Structures are given as C-alpha cells and as structure tokens.
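K.L.:
What follows is a structure written as structure tokens; I'll ask about it next.
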Ligand SMILES: [Zn+2]
C-alpha cells in the first residue's frame, strides 16, 4: 500500500486525503500541528488545528484565514482519510496528527515534549503503524531536569539579582516558552515584564483560558521600568540591544535546551543559562517512540541520522524523513526563517525617541 504521507516541494502531503501537514508553502488545505513559524505559514486556503490552539494560530496567520478546529480525540473524515488530533505537550494547542486509511495508521508528532507544562495539555501516547517523530534533541547528552527544579533555579537567580539591584532578563521564545516560564516562576519576588512579542502571545493564551500571573507591558516612551527588581521575559533577539537600557543594570539568562552545552552559552555571552526546552529530551524521544508501538519510525528535524541509526541498531525499522522544520534553533544560529510574512514584533509602539524599538524576533520562535 502507498504511504499515507510523502515529502513534496510544498511539505508533508497526504495524497489520499489531498491535504498537507505543516506545509512550508501556501497550499489549499493545511493541518497545523502548532503555531510556531516553521510549522504554521500564513496564506494557506484552509487550516485545521486542535481547538485549544485556535486563537494562537489565529494570531499567527491572521484574522482573514479560514481556520477549522477539532477537539482533541474527535475524528474528521477528509476525502476518506480519518483524521484526529492528540495533545503533543509542546505549546498551547500543539497536536499530533493521527491519520487512518485502508487499515493503516500514521501519527505525525510535530514538536512535542513529555515534561509537565501548566500552559498546555500533556503529551498523549497514540498507537500507530508508522510514527513520524521530531529529533531536535536526539542525542544522549540531552536530558532535562524536573521542571520544578528549573523553576527554583530561576527564582533563586531572580532573587539574587533583585537583592543586588540588577534586573533579571530571561530570554525565551515568544510563543510557548515565555508563557510556560511566566507560569512557573514565583511572582512574589518582583514584577514580571513582557516584551511586545511575548505579550501578543500572552493575550492569546489568556483568551484561550490559560491562567498566567500579572505581566506588565512596556508602555511607549518609557525611560525606566522595573529597574533592579523585575523579571523581564523577552525573545532572544533583544540580547545586546538598546531596548534593554530602560531596565538599568541587567543579568541576562537564556532558557533553552541548548544551554546543556556550556560553550553555546559562553559564545553568546549570556550571564546564565537554564536548560529548559519545549522539545522531548533524548529519553523522552525513546519513550514516545516505544509508546507508539509503531512497526516503522520516520525521523525528522534534528539529529535525524544519529537517532535513526540508534533505532536501527535496536532492531527498529527506522528511516530519515527529510523536512524543512527547524525545531529549537540554537541561540547562536543565524535567523532561520525569512519567509514568514506576518509582523509580530510589536515594535511600532516602542519606536520613540525615548525607548529603543523592540528588536524584531521574526523567525526566532521556531521552538
Ligand atoms: Zn515548535
């Protein structure tokens, strides 16, 4: 029987159902696993996403885009292919796509993680014949600590900075990581301030029913704000920019799975690195692959060759599926995505003689 998905110039295509999953070009019909820039492009004819991710996707692809939503676990037939969406635990509304046709079932994970995250539904194992998995952190060195331990580390760093009169700047992707961190830290330490790109997604999260602590936005023409006390959550692109000047003396930390490697932190000159990712770590990838009970595993974006070889050595029928997804871009990588047309930096209202504009974080939120 023909495969249910093939890689075409426009993306992962299901010929039987005549639709794409996370296409990287504009196509008539797209199923979207989640709203990060490398998975959700604007300009498609029609979108389908998981219901909890509707408002987040809307904020990415625009008000005019026709978006259908499906509740987790409900089934929709598209040209005879049974489609259902299941939580991926990556960001709000992130879904694995399950396809069933002619007695064969495929699951496409998109990005996923197994750690607890109060801002989205937890990853749900879905059994299938063919499992298409990401592999962003598919090397044994990548192992995450308990999220509670990381939150305590961040709180201790913030408290120590505050006691020394320094503002804490925490760099994190604007969609998902920023909200997850805001929900995890202790707001009694001081005020939390969000960059414009972060606040846009904070609004979408709140409108979707996710509870977050109070987060202040930076008003136009602000000369000074939160200095010495606040936790500022901002996308990585603000590192080294004049936008940080209003916060006085700062300590700048990066929150990323890549912080596992000390060299990465040192090269970029971060004062501190927190190892926290919205992707599965190496044991998490193996756990999810085993839980799928798939007889065939296709490995995409990340350490594809290494993970595929390792699975093959363990007797799994595994192969690389080449896609253009970026996963969690290393913080010292060049901006990956130049095609994403929508503006989301919120810089306009910051561009005053008093406050430096918020740098454009476009293309840096593939995580
Ligand atoms: Zn993602």
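K.L.:
Rounded to whole Å, give me the distance from the Cα center of segment 165-240 to that of segment 115-131.
P.N.:
27
K.L.:
Report the paramagnetic label zone for residue 207: residues of segment 170-194 whose backbone N is under 18 Å from a point 7 Å from Cα along the Cα-to-Cβ axis.
P.N.:
174-176, 179
K.L.:
Additional query: Antiparallel as a % of all DSSP beta bridges within the chain, to the nearest 5?
P.N.:
Details: 21 of 59 bridges.
The antiparallel proportion sits near 35 percent.
K.L.:
In terms of the Cα gyration tensor, with a ≥ b ≥ c the square roots of its eigenvalues, is segment 7-82 rounded because a/c is under 1.5, prolate because a/b exceeds b/c, or oblate? Numbers along the way, then the final one.
P.N.:
On the way: a/c = 1.77, a/b = 1.11, b/c = 1.60.
Because a/c hits 1.5 or more and a/b fails to exceed b/c, segment 7-82 counts as oblate.
K.L.:
If I take the Cα coordinates of segment 8-49 and project them onto the principal axes, what are the three extents in Å, biggest first?
P.N.:
Largest first, segment 8-49 extends 26, 19, 16 Å along its Cα principal axes.
K.L.:
What share of Cα pairs, in percent, lie more than 38 angstrom apart in the chain?
P.N.:
On the way: 10783 of 67161 pairs.
The calculated P(r) of the chain puts 16 percent of pairs beyond 38 Å.
K.L.:
Pulled fully out, how much extra length does the chain show between residue 271 and residue 143, if you take 0.36 nm times their separation in residues and subtract their Cα-Cα distance?
P.N.:
Numbers: separation 128, 0.36 × 128 = 46.08 nm, distance 2.18 nm.
Full-extension gain reported as 43.9 nm.
K.L.:
Modelled label-to-label distance, residue 6 and residue 221, 7 Å Cα→beta-carbon offset: nm?
P.N.:
6.1
K.L.:
Additional query: Estimate the FRET efficiency between residue 245 and residue 116 by the formula 1/(1 + (r/R0)^6), using the beta-carbon distance for r and 25 Å for R0, to the nearest 0.05. Walk me through the numbers before you get to the answer.
P.N.:
Values: r = 36 Å, r/R0 = 1.46.
The pair residue 245/residue 116 has a calculated efficiency of 0.10.
K.L.:
Now a separate question. Quick check on segment 244-300: take the gyration tensor over C-alpha atoms, sort the square-rooted eigenvalues as a ≥ b ≥ c, and tell me if it's rounded (a/c under 1.5), prolate or oblate. If you can, show how the numbers build up before the last one.
P.N.:
Values: a/c = 4.23, a/b = 3.21, b/c = 1.32.
It comes out prolate by the Cα gyration axes.
K.L.:
Pull out a ≥ b ≥ c, the square roots of the eigenvalues of the alpha-carbon gyration tensor of segment 1-140, then state rounded if a/c is under 1.5, prolate if not and a/b is larger than b/c, and oblate in the remaining case. It would help to have the intermediate numbers written out before the result.
P.N.:
Details: a/c = 1.38, a/b = 1.04, b/c = 1.33.
Here segment 1-140 falls in the rounded category.
K.L.:
By how many degrees, 0 to 90 and rounded to 10, does the Cα axis of helix 147-163 deviate from the longest principal axis of the chain?
P.N.:
So the helix axis and the longest Cα principal axis differ by about 20 degrees.
K.L.:
Show that you can apply the helix-only estimate: for the chain, add -39,500 (n - 2.57) for every DSSP H stretch of four or more residues, divide by all residues, and state [θ] at 222 nm to the nearest 500. Write out the running numbers ahead of the final one.
P.N.:
Values: 7 runs with 73 residues, N = 367.
Helices in the chain give a 222 nm mean residue ellipticity of -6000 deg cm²/dmol.
K.L.:
Assuming 0.36 nm per residue, please report the length gained on full extension of the stretch residue 309 to residue 63 beyond their Cα-Cα distance. Before the final figure, lay out the partial values.
P.N.:
Details: separation 246, 0.36 × 246 = 88.56 nm, distance 4.36 nm.
So the extension gain works out to 84.2 nm.
K.L.:
Hey, another quick one. With angles folded into 0 to 90 degrees, how steeply does helix 196-207 sit against the dominant principal axis of the chain? Use alpha carbons for both and round to 10.
P.N.:
It works out to around 60 degrees.
Coordinate-derived values only; no laboratory data. Small disclaimer: the values here were computed from a predicted structure and weren't measured. Neighbour counts are summed over all protein chains in view; Cβ atoms, including those assigned to glycine, are modelled from backbone coordinates with ideal geometry.
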